[in-house]
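The values are calculated or read from the model by the stated rules, or taken from the named source; none is laboratory data. In this text the structure is predicted, and so the values were computed from the model without any measurement. Cβ atoms come from the backbone with ideal geometry, glycine included; neighbour counts cover every protein chain shown.
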Amino acid sequence: QPESIIGGKSFTAVAVNCAAKAGEWIKSKVGSITQLDTKYSMHDLVTEVDKGAERMIRNLILTHFPTHSFLGEEGVEPGPEASAKALQEMSESEYLWIVDPIDGTTNYVHGFPFYSVSIALAHQGKVIVGVVYDPSRDELFVAERGKGAYVHGRRMQVAKENALNKSLLATGFPADQHVALPANMKSIQALAPKVRNLRVAGSAALHLAYVAAGRLSGFWEYNLSAWDIAAGSLLVEEAGGRMSDVAGQPFHLGVRNVVASNGLVHDELIEELRVAART
Ligand code: IPD
Ligand code: CA
Ligand code: CA
Ligand code: CA
């Protein structure tokens, strides 16, 4: 890993420091949660650890960069409309930190060790730093725009599979039970027989990190928010992969229906999702 990528008091160094500190604290609280609430639906959980971790990250970032803007999941009203509005309102910010303090809260609550801290910095709407930390495995995924993506100092590269029938893919079950879940059930039904296998492991940010690391050839999910995907999108791009919306249109932070891949299976995946949507 080049020194510059986490050196000194750089943006990346602060992001890494926040992710490591918050991640360590989150992990120390496994099994001792005292407040469990639901937000938008019974599938959308929040604990005092989500809120505490976001506060910790926010304070650290704003201490270092008091003029920057901050968008964190727990600072926004629940639901897709509010999250889109919050992003829109902050779209003029020169520097915007986009943070998911625990991506995979359901896993966290159940002690299923697949959750992450996701921290991104966008400059004029484009992600320039992305950090995803998996406290359970102590895996730190870091990318800086133009400088590559790394997992614990090792440069990451996307998987080499060039067809869906040789690919391991992942997706997520959306919290929206009315539109997004039925849509994705159709996609899953269409894709499952065509791929080597499918995983639904429960953290969009970590799924993206796994695409970057070459552990998955692709990932799609409907109805995500900026904090789920901001950091992971840069990991994927800097590892040589491709990000888009579900129709194959260019990725940006407002995209909710997200497709990520190694690039080689991207068009095939988009086509299968398109066909599934028409059934
Ligand atoms: C959720 C996770 C999950 C995905 C959901 C997200 P949260 O984030 O990323 O994998 O399927 O769509 O909302 O609520 O645990 O931060
Ligand atoms: Ca949540
Ligand atoms: Ca999330
Ligand atoms: Ca979260």
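I'd like to verify a number: residues in region 13-29 that are without any contact (Cβ under 8 Å) to a residue 40 or more places away in the chain and among the aliphatic types (A, V, I, L, M), how many? Walk me through how you get there before you give the answer.
Going residue by residue through region 13-29, those that are without any contact (Cβ under 8 Å) to a residue 40 or more places away in the chain are 13, 21, 25, 28-29.
Among the residues that remain, those that are also among the aliphatic types (A, V, I, L, M) are: 13.
Final tally of qualifying residues: 1.
Could you give every pair whose Cβ atoms fall below 6 Å, whose first residue belongs to region 168-189 and is in a loop (DSSP other than H, G, I, E, B), and whose second residue is within 16 Å of ligand 2 (Cβ to nearest atom) and aromatic (Phe, Trp, Tyr), counting only separations of at least 6 or pairs across chains?
Pro174/Tyr222
Would it be correct to say that Arg215 is free of Cβ contacts under 8 Å to residues at least 12 places away in the same chain, away from ligand 1 (no atom under 11 Å from the Cβ) and either assigned by TED's automatic domain parsing to the domain that holds Asp103 or charged (D, E, K, R) (or both)?
no
Residue under question is Ala213, and the condition is that it be buried (at least 16 other Cβ atoms within 10 Å of the Cβ) and aliphatic (A, V, I, L, M); does it hold? Spell out how you get there, then give the answer.
Values: buried (at least 16 other Cβ atoms within 10 Å of the Cβ): yes; aliphatic (A, V, I, L, M): yes.
Spelling it out, Ala213 is indeed buried (at least 16 other Cβ atoms within 10 Å of the Cβ) and aliphatic (A, V, I, L, M).
I'd like to know if region 118-128 contains one or more residues that are buried (at least 23 other Cβ atoms within 10 Å of the Cβ), assigned to a helix (DSSP H, G or I) and within 13 Å of ligand 1 (Cβ to nearest atom). Full working, then the answer.
If we filter region 118-128 for residues that are buried (at least 23 other Cβ atoms within 10 Å of the Cβ), which is where we start, we get 118-122, 127.
Right, trim to assigned to a helix (DSSP H, G or I) and you get none.
Checking region 118-128: not a single residue is buried (at least 23 other Cβ atoms within 10 Å of the Cβ), assigned to a helix (DSSP H, G or I) and within 13 Å of ligand 1 (Cβ to nearest atom).
Return the residue satisfying two criteria in turn: it lies in region 34-80 and is in a helix (DSSP H, G or I) and of a type in the set (Val, Ile, Thr), and of such residues it is nearest to ligand 1 (Cβ to nearest atom).
Restricting to residues being in a helix (DSSP H, G or I) and of a type in the set (Val, Ile, Thr), the top hit is Val49.
Which pairs do you get when a residue that is within 13 Å of ligand 4 (Cβ to nearest atom), found in region 30-53, comes within reach of a residue that is assigned to a strand (DSSP E or B) and modelled with pLDDT of 95 or more, reach meaning Cβ atoms under 6 angstrom, with the pair 6+ apart or on two chains?
Matching pairs, first to second residue: Asp50/Pro101; Asp50/Ile102; Ala53/Pro101.
With a cut-off of at least 1 residues that are at pLDDT 95 or above, of a type in the set (Lys, Arg) and more than 16 Å from ligand 3 (Cβ to nearest atom), name the helices (runs of 4 or more DSSP H) lying wholly within region 192-279.
Working: elements: 204-212, 226-238, 266-278.
Filter on region 192-279 gives 266-278.
Among Ser93, Ser10, which is away from ligand 1 (no atom under 15 Å from the Cβ) and either free of Cβ contacts under 8 Å to residues at least 12 places away in the same chain or surrounded by fewer than 17 Cβ atoms within 10 Å (Cβ to Cβ) (or both)?
Ser10
Quick check on region 81-95: of everything there that is in a helix (DSSP H, G or I) and among the small types (Gly, Ala, Ser), which residue is nearest to ligand 2 (Cβ to nearest atom)?
Checked region 81-95; the qualifying residue nearest to ligand 2 (Cβ to nearest atom) is Ser83.
Let me confirm something: among Gly31, Gly23, which residue is surrounded by 18 or more Cβ atoms within 10 Å (Cβ to Cβ), of a type outside the set (Ser, Thr, Tyr), away from ligand 1 (no atom under 12 Å from the Cβ) and in the same structural domain as Ser118 (by TED's automatic domain parsing)? Outline the logic, then answer.
Numbers: Gly31 fails: surrounded by 18 or more Cβ atoms within 10 Å (Cβ to Cβ).
The match here is Gly23.
Residue under question is Val158, and the condition is that it be surrounded by 22 or more Cβ atoms within 10 Å (Cβ to Cβ) and in a strand (DSSP E or B); does it hold?
On the way: surrounded by 22 or more Cβ atoms within 10 Å (Cβ to Cβ): yes; in a strand (DSSP E or B): no.
No; evaluated as a whole, the condition is false for this residue.
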